[in-house]
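Participant: Quick one: structure below, then a few questions.
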Amino acid sequence: MAKAKVVVLISGQAATGKSTLGRALARKLGVRYYSGGEALMSIARRMGYDARGRKWWDTPEGMKFLAEREANFEFDRMVDQELMRIAEERSSVIDSWVLPWLMDSGYKIWLKASLEVRARRLATRGKMPLEEALKVLKEREERNKSLYREIYGIRWGEDMEPFHLVLDTTDLQKEDVLGVALSAVRSYVRSRSRSSSRVPF
């Protein structure tokens, strides 16, 4: 019997643990992990940026590339189209700010956390003062929110309709987040398997 196709789409606020969950969940499910952020950084490197590591987005260079994306929507469209192609073709876990709104299929997870906790995480990750982390966090999130509204008409961070699971990571360890998400995904797969001979992920 063929193994059911499993696609999990993860989105959420910055510094909530999206990539950490994505990688861990992919390992547990035995599928590949893909990141929209990493795909965009690959484009940035081809343009001459020294784009490496999650904290790069919070640097002046990362913010400069964000300005280039705001001026040219094709960077984001190209990445999102490739991620959608992957999701249609194979089992995967995909970390993307916008894919849950762009696709009808897949199990969709939204991660959130308090602003204070996210700022502390960002300050630690980026080795910056808390005040600076708060400023960067707010600016990057607002600009991305505006960007996705302009490109796709998405109410990012406001419209939770696409999501099967909304999880607050404020007081959770990464192992707890993984446990909740893994249990939810497996339950969803089982329920879809019972209701259909072909799981429509």
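Participant: Could you pull the Cα extents of the stretch 73-134 along its three principal axes, largest to smallest, in whole Å?
Facilitator: 42, 26, 17
Participant: Output the antiparallel fraction of DSSP beta bridges having both residues in the chain, as a percent to the nearest 5. Before the final figure, lay out the partial values.
Facilitator: Numbers: 0 of 17 bridges.
Restricted to the chain, the bridges split so that about 0 percent are antiparallel.
Participant: Could I ask something else about it? Could you run the Karplus curve 6.51 cos²θ - 1.76 cosθ + 1.60 with θ = phi - 60° over the stretch 10-27 and give me ³J(HN,Hα) per residue in whole Hz, x for Gly and Pro?
Facilitator: Residue by residue, the stretch 10-27 yields 10, 9, x, 5, 5, 6, 9, x, 4, 5, 4, 5, x, 5, 5, 5, 4, 4 Hz.
Participant: If you don't mind, another one. How long is the gain from Lys112 to Lys174 if the chain were fully straight, where each residue apart is worth 0.36 nm and the alpha carbon distance is subtracted? Don't jump to the answer; show the numbers that get you there.
Facilitator: On the way: separation 62, 0.36 × 62 = 22.32 nm, distance 1.31 nm.
Full-extension gain reported as 21.0 nm.
Participant: Also, I was wondering about something else. Rounded to the nearest 500, what is the chain's calculated 222 nm mean residue ellipticity when only DSSP H runs of at least 4 contribute -39500 (n - 2.57) each, over all residues? If you can, show how the numbers build up before the last one.
Facilitator: Values: 8 runs with 112 residues, N = 201.
So the calculated ellipticity at 222 nm is -18000 deg cm²/dmol.
Participant: Project the alpha carbons of the chain onto their principal axes and report the range along each, largest first, in whole Å.
Facilitator: 51, 37, 28
Participant: Each residue of the stretch 63-79 in turn: what ³J(HN,Hα) in whole Hz from Karplus with 6.51, -1.76, 1.60 and θ = phi - 60°, glycine and Pro shown as x?
Facilitator: 5, 5, 5, 4, 5, 5, 5, 5, 8, 9, 5, 5, 4, 5, 4, 4, 5
Participant: Work out the FRET efficiency for Ile151 and Ala184 from their Cβ-Cβ distance, taking R0 = 45 Å, and round it to the nearest 0.05. Before the final figure, lay out each step's value.
Facilitator: Numbers: r = 29 Å, r/R0 = 0.65.
Efficiency computed from Cβ-Cβ geometry: 0.95.
Participant: Let me ask you something else. Give a quick list of trypsin sites (Lys or Arg not before Pro) in the stretch 32-97 that DSSP marks as loop, anything other than H, G, I, E or B, with at most 13 other Cβ atoms within 10 Å.
Facilitator: On the way: sites: Arg32, Arg45, Arg46, Arg52, Arg54, Lys55, Lys64, Arg69, Arg77, Arg85, Arg90; in loops: Arg52, Arg90.
Sparse-neighbourhood loop trypsin sites (Lys or Arg not before Pro): Arg52, Arg90.
Participant: For the pair Glu38 and Arg23, how long in nm is the line joining their label points, each one 7 Å along Cα→Cβ?
Facilitator: Going by the 7 Å Cα→Cβ label model, 0.8 nm.
The numbers here are math on the coordinates, done by the rules we state, and not lab data. Everything numeric in this text was worked out from a predicted model, so none of it was measured. As a convention, Cβ positions derive from the backbone with ideal geometry for all residues, glycine included, and neighbour counts pool all protein chains shown.
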